[in-house]
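Q: Here you go, one structure.
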Amino acid sequence: MALHRFFAIGRVPDEGALPLSADDVHHARDVLRLEPGDEIVLAHSGAACRVRLTAVGDVLSGAQVGEVTAPALPRVTLAQGLPKGDKLDMIVRQATELGVARIVPFAAERSVVRLDAAKAVSRADRWRRIAEEAAKQSQRTEVPEVLVPVASADLARALAGSAIIVCWEEATDAPGIAEALETLGVRDATPAPDVAIVIGPEGGLSRAEVDALRAAGAVTASLGGTVLRTETAGVVAPALLLHELGGLGARP
């Protein structure tokens, strides 16, 4: 059985008090009922190590007993138009399991959901907690970055530095994900680039939004011959992208 995994809030010492949040200490001590001698995995800054606990109390103490290796993942950003209800909770959870590095929610012209500044921050905090739990479950060494939702007018700026693929159902002649990567010239690039994939909300993206992203260097792509719900596309698109970049589906 896989060891319980936690994300450290600082550098993990060779021995001594472990840098864990109060919530994680409570979970380890009172929910999991871990005891001295038990081993856990601590991840920090993309690396992970096994730690044998030496004390369990108001803080957890332990000693490193080995490294934990994990395959390097392509750096993929999911830009997701705000959907209705709690659909983004599921998208964040499953995108994290797939290996997405960053999630950028955005308020599209056709998004039904409208968040004021306070609600946007609150939702982002919730999505970050969901991402952390999913990262623990899926044995990742880092938690995806989840941004506070941005306006669609600011999306290109938020994705600056990334090669951008826009999944747009109205682009009937658009290529698939693999061909889009070829067009961008990043499919076999070394070092691997950050590639962002953009998914609209339930009503899709407007032509003006797509044109603005194209002006920033984006290309459009198709996910196939069927029309997917936004919560389906938000998982399928990064999965296809990760696969094409050598992540999902690759030999461990």
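The values are calculated or read from the model by the stated rules, or taken from the named source; none is laboratory data. What you are looking at is a predicted structure, and each value in this text was computed from that prediction instead of being measured. Note that we place each Cβ from the backbone using ideal geometry, even for glycine, and neighbour counts take in every protein chain shown. Note: accessible area is taken over every heavy atom of the protein model, side chains too, but ligands, DNA and RNA are not part of it. Shrake-Rupley method; radii C 1.70, N 1.55, O 1.52, S 1.80 Å.
Q: Please give the length that would be gained between Ala215 and Arg114 if that part of the chain were fully extended, namely 0.36 nm times their separation in residues minus their C-alpha to C-alpha distance (nm, one decimal).
A: Residue separation times 0.36 nm, minus the Cα-Cα distance, leaves 33.8 nm.
Q: Karplus couplings for region 166-182 from phi (6.51 cos²θ - 1.76 cosθ + 1.60, θ = phi - 60°), rounded to Hz, Gly and Pro as x?
A: 10, 8, 10, 5, 7, 8, 5, 9, 5, x, x, 4, 4, 5, 4, 5, 4
Q: Here's another thing I want to ask about it. In square nanometres, what is the average projected area of the Cα convex hull of region 1-99?
A: 7.9 nm²
Q: Counting Lys +1, Arg +1, Asp -1, Glu -1, what net charge surrounds Leu18 among other residues with beta carbon under 14 Å of its beta carbon?
A: -2
Q: Loop-only check: which trypsin sites (Lys or Arg not before Pro) in region 44-113 are DSSP coil with at most 16 other Cβ within 10 angstrom?
A: Lys84, Arg110
Q: Still on this structure, please answer the following. Near the amide H of Val166, under 5 Å away, which other amide H atoms are found, from residues 5 or more places off or on another chain, if H is placed in the peptide plane?
A: For Val166, whose amide H was placed from the backbone, the distant partners under 5 Å are Val198, Val219, Thr220, Ala221.
Q: Taking Rh as the Kirkwood radius computed over C-alpha pairs, what is the Stokes-Einstein D of region 126-252 at 37 °C in a medium of viscosity 0.692 mPa s, expressed in µm² per second?
A: Estimated via Stokes-Einstein, D reaches 210 µm²/s.
Q: If you take every residue apart from Thr232 with its C-beta less than 13 Å away from the C-beta of Thr232, what net charge results, scoring Lys and Arg +1 and Asp and Glu -1?
A: -1
Q: What figure, in Å² to the nearest 10, do you get for the accessible area of Thr226 with a 1.4 Å probe and non-protein molecules left out?
A: The accessible area of Thr226 comes to roughly 100 Å².
Q: Still on this structure, I have one more. Based on C-alpha coordinates, I'd like the Rg and Dmax of region 168-207, in Å.
A: Expressed in Å, the Cα Rg and Dmax of region 168-207 come to 12.4, 37.
Q: Turning to a different aspect of this structure: Taking just the C-alpha trace of region 86-190, give me its Rg and Dmax in Å.
A: Cα only, region 86-190: 15.3, 41 Å (Rg, Dmax).
Q: Antiparallel versus total DSSP beta bridges in region 45-148: what percent is that, nearest 5?
A: DSSP beta bridges in region 45-148 are roughly 55 percent antiparallel.
Q: Let me check against my output: what whole-number percent is the relative contact order of region 92-216, with C-alpha pairs under 8 Å and at least 6 apart?
A: 32 percent
Q: Quick one: compute the contact order of the chain, relative version, from alpha carbon pairs under 8 angstrom and 6+ residues apart, as a percent.
A: After rounding, I find 20 percent.
Q: Taking the Cβ of Ser122 as the center, what net charge do the other residues with Cβ under 12 Å away carry, scoring Lys and Arg +1 and Asp and Glu -1? All intermediate terms of the calculation are to be shown ahead of the outcome.
A: Values: positive: Lys119, Arg123, Arg126, Arg128, Arg129; negative: Asp116, Asp125.
With Lys, Arg at +1 and Asp, Glu at -1, the neighbours total +3.
Q: Given 0.36 nm per residue, what is the gain on full extension from Asp89 to Glu145 after removing their alpha carbon distance, in nm?
A: Length gained between Asp89 and Glu145: 18.7 nm.
Q: Separate question: Dividing the Cα convex hull volume of the chain by residue count, how many Å³ per residue is that?
A: 137 Å³
Q: If one computes the Cα centroid of region 94-114 and of region 212-233, what distance in Å separates the two points?
A: About 13 Å separates the Cα centre of region 94-114 from the one of region 212-233.
Q: Express in Å², to the nearest 10, the accessible area of Thr232 obtained by rolling a 1.4 Å probe over the protein heavy atoms while all chains stay in place.
A: Roughly 60 Å² of Thr232 is accessible to a 1.4 Å probe.
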